[in-house]
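The values are calculated or read from the model by the stated rules, or taken from the named source; none is laboratory data. Nothing here was measured: the structure is a model prediction, and the numbers come from that model. Note that each Cβ is placed from the backbone with ideal geometry, even for glycine, and that neighbours are counted across all protein chains shown.
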C-alpha cells in the first residue's frame, strides 16, 4: 500500500513540473505578444524622436569642402561693343610699319588740303619708298545750331597733320615745300619723331572713326558716343531774347551741351543772379 502511495506521489510530482512547463509555455507567448508591440512602439517613438531631432537641429554646411567655383561665381565679363577702340588696337595697327611719325604744322583750315597735296607729291616725285602715310585726325561730334543737333566731322587738332616717313633730305624737302605747310614740329630743321604713346594718342580718333564706320555699315551701333559741340563757352557775352528779360545782357557761367541748356549771370536788382536758360533763349554777341 505504501509503495502505491509513493508511486502516486512521484507521478504527481512529475506532472507538476510538466504542468508548470505547459503553464510557462502558455504564458511566454502571451508575454511576448504583449511586449513585442510595446517594443515596436518604443522603436517607432525613438525613430520619430530621432527624425524630429534631425529636422529641428540647425543646418551646418561645411563650405571649406565645397569647390571655390560653387561658393563664388564671378560676374560675366562685359562684351565690347562693336566700334570700341582700345589703345592696344591702335598699337597693333601701327606695329611693324616702316618709317616714323612726324607732326606738320599747317595753316588753320588747310589740314585736309595739305594731306591731299602731300599724297599727290609723293607719287609724282617718286617718293613712295620714303613717304608712306598722311593723316588728319578727325572726330565726330554733335553740333548744336539754331536749336538743331547735327552729327558733323571736324578736325581734332586744328593746324596739325601727321605724316609717316623716312626722313631724308629729299623727303624732307618734298613735304616742307608743300603748299600750306609751315614746317615740321621739332628743333629748327631737325624734325622730332613722335613716341609710340604719342602716336597712339593722336591716331586713336582715326581708328575710332574707321571702326565706327564699319559698325554702322554692319547695321550695329558704334561703340563710342560723339560729344556735343556747344556754340557757347564759359565767359561768352550773350543777350537774352526770351521774355521777360529780352534785350538784357548776360555772361555764360555754365554750359550743358548735351541738354542744350546754359546758366548765365545777369544783373537783377543790383546784383548778379544766375538764370538757367535754353540755347534758343539767348543770342551770342558778336565780338570785334
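A compact table of results
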| item | result |
| --- | --- |
| Filter result for residue 205 (under 23 Å from the mean Cα position of the chain (by Cα), at negative phi and modelled with pLDDT under 75) | no |
| Odd one out for residue 218 among (1) surrounded by 18 or more Cβ atoms within 10 Å (Cβ to Cβ); (2) modelled with pLDDT under 80 | (1) |
| Filter result for residue 234 (in a strand (DSSP E or B) and either at pLDDT below 75 or under 30 Å from residue 266 (Cα atoms) (or both)) | no |
| Scope the stretch 246-288; condition in a loop (DSSP other than H, G, I, E, B), more than 24 Å from residue 142 (Cα to Cα) and either in contact with a helix residue (DSSP H, G or I) (Cβ under 6 Å, 6 or more places away or on another chain) or at pLDDT 85 or above (or both); matching residues | 246, 247, 248 |
| Lone qualifier among 153, 171 - being surrounded by fewer than 17 Cβ atoms within 10 Å (Cβ to Cβ) and either over 33 Å from the mean Cα position of the chain (by Cα) or assigned to a strand (DSSP E or B) (or both) | 153 |
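Listed here are the residues, each with its yes/no results for (1) closer than 30 Å to residue 256 by Cβ; (2) in the same structural domain as residue 204 (by TED's automatic domain parsing); (3) modelled with pLDDT under 85; (4) surrounded by 13 or more Cβ atoms within 10 Å (Cβ to Cβ).
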position: 121; (1), (2), (3), (4): no, yes, no, yes
position: 128; (1), (2), (3), (4): no, yes, no, no
position: 132; (1), (2), (3), (4): no, yes, no, yes
position: 135; (1), (2), (3), (4): no, yes, no, yes
position: 145; (1), (2), (3), (4): yes, yes, yes, no
position: 161; (1), (2), (3), (4): no, yes, no, yes
